[in-house]
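Asker: Let me give you the structure first, and then I'll get to my questions.
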Amino acid sequence: MDAGSRANGGVNCGGHHGEVKSQHFGNGAADGAQAQDGGKPRAKTGSRRKTTNVDTAEADDSAKRRCMIDVDLTMQVPKRKSKCDGSLPACTTCSVYGTECTYDPNSDHRRKGVYKHDISDSKTRNSTLQTLIQALLNSSDEDVPALVREIRTCESLDAVAEKLASNGHGVDLDEEDDEGSVHENGTAPGRTFETQLYGKMGDLRLDEGSVRYIGGTSHLIHLAQDDSNESIDEYPQQEDPITSWTNVTSDPELVVHLLNMYFTWHYTYFTTMSKTLFYRDFLLGKPPPTAKRRTYYCSPLLVNAVLALGCHFTSHSGARLNPDDSATAGDHFFKEAKRLIMENDEHERSRLTTVQALGLMSVREAGCGREAKGWVYSGMGFRMSLDMGLNLDSGRLTKNKGVNGDEAEEDVRRITFWGSFLFDKCWSNYLGRLPQIPTSIITVPKVDVFPDEDSAQWSPYSDSGFTQAHSQPARTRTVALQLTKLCEISNDLMQYFYNPVREASKGKATELRKLSDIHTRLEAWRRELPKELEPKEGGLASVLVMHMFFQLLFIHLFRPFLKYTQQTSPLPQNVSPRKLCTQAAGMISKLMRLYKRSHGLRQICNITVYIVHSACTIHLLNLPEKNARRDIVHGVKHLEEIAEGWLCARRTLGILSVLARKWNVELPEEAAAVLARTDAKFGSYVREVKRTATIA
């Protein structure tokens, strides 16, 4: 910068700021800029400093000192930086000051991030193009046309390159550098040991016929895996395929009846397998001991677990271990399933059918009031599903077709995992425990909705057979997909509001923010729900139960805020947790009445027992209000009907009876009569509840 420039008073003493302000700003503007910069000293950018007419020696000395300071400072200031208006051959500012007009991008460190971003984008584009070119060069002649079509029709080349890289077709730039150094040294081309070591982030492996996931930190990932190209026998259909899967009965009509019960009432909510593929293998019969079949979707363990569940929806004498005792429904098939686990070491080998069977066995034990055993079965199934890597997108993990299988196997892996995910969230709510399958470890896509399966007819089924009164499309996958979304919300709800670790660290503001977030997600789920899944009379049984689960989450969301008074509550004054819990409980009662009018209560999923129990607890709190009196009467009557098929309903009635006495609640006469009747009928369960309450 020349002396003329300094004389004009445009010096920026804080030269590191990198830009001179225009001279027409007044002192106020300069002071404001200094304030915005956190108080850092900045030069004034107004007009020349005005001097007084006082002609004293002290004033002259002061002026000299200021001049010397200015000179010392400007010696360290770099060349003037100013905005360029693009005029040629020199911009207006440089023409005025008579300075050389140059552009140096490296002198302004404030803009480095922009250039870094541009460089990063350039590297990304180069990496994408390099991956696509390498894929074209390395692919076989048969695969090249398909790859070219995919490149031409894709929406994003980056997505195609990422897919190719995950399948091993692309070449990473770092790997190329490694290989280049090898070529220069004259050695054989190939990936170095270091590249192989850091490149393995996990893979699916075949181990004794079972698929297992091995992560990148495990040395087992470098082991040679089983040969997946073993011969597969095509065995003929067995003489009696229907009864070949179980040793409990030789009556094919009973087996078919129980299967119909299961697939009509339980499978449509707890969808954890492919019905089509299950029946495909089931109708072939149990394979001979010597037959080799790598991929199958039916097993004796799974069939017996399914039949044990089907027994709870029928009054057929063959569905009970003791024909005269409804409490023994399904016990004989369940006993056979346990025998198969131990004798065949099913718990030691991870298989899709075993994961499915363990999940069904856990739900059945919960329905029988044996939660401790059911929890163990569910845990075994969850660990086995993670061992198989069902929570991961297998299409991006391995290109080994022996592991990946066909599209059907990939779909079964997904539906099995998301079925386990639903089991986990039901157990989490039921026992008040944190989920065992966190969403943070999941990369597998959600289930696909197949039009042919969703359009298949669903008809109510009872001991009298199928009825066409409410026949309609099953929409099994659509319901499963919506339940998965609800389970993701339930996961976050339980992790925050019912996590004992976070209890001490939660603040009211944080609680309110999290409540608002989950409440918004629940409302969005309801708003975006397809119209065909709205609750209505004669609707799908699975849809009605799904809406009960939705209302249950509202109760669990606002119930922690019942502990606050109106003065201490973090919620706005117009938001009442008790009122919101009451509304949700009332909706559950309404949905139960809708279910009863549509399908009766002899055939219903056992998860509804827990949901009705939660609603009845809110009704007890609101007695003697009119709606609460009506809903508690309906609630205990509904549970009495369900108790014929599910033992957990008998115990729930006993718990409600004990709670009414413990809280000194005056029950309506009809409700008191039902509880007195069930206390006498199911005395053993009531005594168990009373004994537990006394200990507590």
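Asker: Whole-Hz ³J(HN,Hα) for each residue in region 584-592, computed from phi via Karplus 6.51 cos²θ - 1.76 cosθ + 1.60 with θ = phi - 60°, x for glycine and proline: what do you get?
Answerer: Residue by residue, region 584-592 yields 5, 5, x, 5, 4, 4, 5, 5, 5 Hz.
Asker: Distance cut-off 25 Å, Cα to Cα: go down the list LYS531/LYS596; LYS286/LYS425; LYS563/LYS596 and report the pairs above it. Walk me through the numbers on the way to the answer.
Answerer: Details: LYS531/LYS596 22 Å; LYS286/LYS425 33 Å; LYS563/LYS596 34 Å.
Going by Cα-Cα distance, LYS286/LYS425; LYS563/LYS596 fall outside the 25 Å limit.
Asker: Given C-alpha coordinates of region 550-696, what is the ratio Rg to Rh with the Kirkwood estimate of Rh?
Answerer: Details: Rg = 15.6 Å, Rh = 15.9 Å.
Answer for region 550-696: 0.98.
Asker: Given just the C-alpha atoms of region 252-448, how large is their convex hull per residue in cubic angstrom?
Answerer: Each residue corresponds to 123 Å³ of Cα convex hull volume.
Asker: When the Karplus curve 6.51 cos²θ - 1.76 cosθ + 1.60 is applied with θ = phi - 60°, which whole-Hz ³J(HN,Hα) does each residue of region 246-263 get, with x for Gly and Pro?
Answerer: For region 246-263, the Karplus-derived couplings read 9, 9, 6, 9, 10, 9, x, 5, 5, 4, 5, 4, 5, 5, 4, 4, 5, 6 Hz, x marking Gly and Pro.
Asker: Starting at the first residue of region 312-319, write each ³J(HN,Hα) from the Karplus equation 6.51 cos²θ - 1.76 cosθ + 1.60 with θ = phi - 60°, in whole Hz, x for Gly and Pro.
Answerer: The phi angles translate into 7, 10, 9, 9, 4, 5, x, 8 Hz.
Asker: Sequence-distant or interchain residues sharing an amide H contact under 5 Å with GLY369, placed H: which?
Answerer: HN-HN under 5 Å from GLY369: CYS648.
Asker: While we're here: Show me the ranking of peptides 641-654, 516-529, 333-346 by mean Cβ neighbours inside 10 Å, starting with the highest.
Answerer: Values: 641-654: 23.3, 516-529: 13.7, 333-346: 17.8.
The peptides rank, most packed first, as 641-654, 333-346, 516-529.
Asker: For the ranges 625-631, 242-248, what's the packing order if you count other beta-carbon atoms within 10 Å of each residue, average per peptide, and put the highest first?
Answerer: 242-248, 625-631
Asker: Scan around TRP458 for amide H atoms under 5 Å from its own, H built in the peptide plane at 1.01 Å from N, and keep only partners 5 or more places away or cross-chain.
Answerer: GLN472, ALA474
Asker: Dipole of region 407-557, Cα-centred, from +1 at each Lys and Arg C-beta and -1 at each Asp and Glu C-beta, to the nearest 20 debye? If you can, show how the numbers build up before the last one.
Answerer: Working: 18 positive and 20 negative charges, 169 e Å.
Taking the Cα centre of region 407-557 as origin, the dipole is about 820 debye.
Asker: Let me ask something additional. How would you rank 302-314, 250-262, 320-332, highest first, on the average number of other Cβ atoms within 10 Å across their residues?
Answerer: 302-314, 250-262, 320-332
FYI, it's all coordinate maths here, none of it is from the lab. These figures come from a predicted structure and were not determined experimentally. Positions of Cβ are generated from backbone atoms using ideal geometry, with glycine treated the same way; all protein chains shown enter the neighbour counts.
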